[in-house]
Amino acid sequence: VQLQASGGGLVQPGGSLRLSCAASGSIFSANSMRWYRQAPGKERELVASITSGDTITYTESVKGRFTISRDNAKNTVYLQMSSLKPEDTAVYYCNARRIQYPKYDSWGQGTLVTVSS
């Protein structure tokens, strides 16, 4: 599975963006789809995840502001981001993971989100 992330850009504090992660193959086979981010000088952190059973988790700092969703028909995962803060500035990466055969752990190329006035 190859992933292509898009939707990043420059947005003012309090604004919204929607990131998309389009997969070349079926995401239905993935055990989980995840969004990570990496801010300058910081380690990559898990932001949100959605499992094949639609169990969703968020890191504490984005709860109530970000929403992860998946469209299996379009092989796409989304991250709707609202009430953005400067500390949300980072490169956002999508990830697809399958732990059974055929295993895979695929990453998109990253899309930059900059929150600044």
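The values are calculated or read from the model by the stated rules, or taken from the named source; none is laboratory data. Small disclaimer: the values here were computed from a predicted structure and weren't measured. Glycine gets a Cβ as well: all are built from the backbone with ideal geometry, and neighbour counts include every protein chain shown. Note: accessible area is taken over every heavy atom of the protein model, side chains too, but ligands, DNA and RNA are not part of it. Shrake-Rupley method; radii C 1.70, N 1.55, O 1.52, S 1.80 Å.
Do we find that Q80 is open to solvent by 60 Å² or more (accessible area, probe 1.4 Å) and within 10 Å of the chain's Cα centre (by Cα) in this structure? In short, yes. When E45 is tested against (1) crowded, with 16+ Cβ neighbours inside 10 Å; (2) within 16 Å of W107 (Cβ to Cβ), only condition (1) is not met. When the test is whether a residue is of a type outside the set (S, T, N, Q) and in a loop (DSSP other than H, G, I, E, B), L112 does not pass it.
Report every pair of residues separated by at least 6 positions or lying on different chains whose Cβ atoms are under 6 Å apart, first residue within the stretch 58-86 and farther than 12 Å from V47 by Cβ, second aliphatic (A, V, I, L, M) and assigned to a helix (DSSP H, G or I). Once the first residue is farther than 12 Å from V47 by Cβ and sits in the stretch 58-86, its partners that are aliphatic (A, V, I, L, M) and assigned to a helix (DSSP H, G or I) give N75/I27. Of all the numbered requirements in (1) more than 16 Å from G15 (Cα to Cα); (2) touching a helix residue (DSSP H, G or I) at 6+ places or on another chain (Cβ under 8 Å), S116 misses one, and that requirement is (1).
The selection criterion, being out of contact with any His (no Cβ under 9 Å at 6 or more places or on another chain), more than 23 Å from V1 (Cβ to Cβ) and at pLDDT 95 or above, does not hold for S69. Picking from residues in the stretch 86-113 that are surrounded by 13 or more Cβ atoms within 10 Å (Cβ to Cβ) and charged (D, E, K, R), the one that is farthest from G25 (Cα to Cα) is D88.
Exactly one residue out of S61, S69 is in a helix (DSSP H, G or I), open to solvent by 30 Å² or more (accessible area, probe 1.4 Å) and out of contact with any Pro (no Cβ under 7 Å at 6 or more places or on another chain): that is S61. Restricting the stretch 28-42 to residues that are open to solvent by 60 Å² or more (accessible area, probe 1.4 Å) and more than 19 Å from M81 (Cα to Cα) leaves a set whose member that is farthest from the chain's Cα centre (by Cα) is G41. All of (1) closer than 14 Å to V1 by Cβ; (2) over 12 Å from the mean Cα position of the chain (by Cα); (3) part of a strand (DSSP E or B) hold for G25 with one exception: (3). Checked across the stretch 11-26, the condition of being polar (S, T, N, Q), closer than 30 Å to S117 by Cα, in contact (Cβ under 8 Å) with a residue 60 or more places away in the chain and surrounded by fewer than 19 Cβ atoms within 10 Å (Cβ to Cβ) holds for at least one residue.
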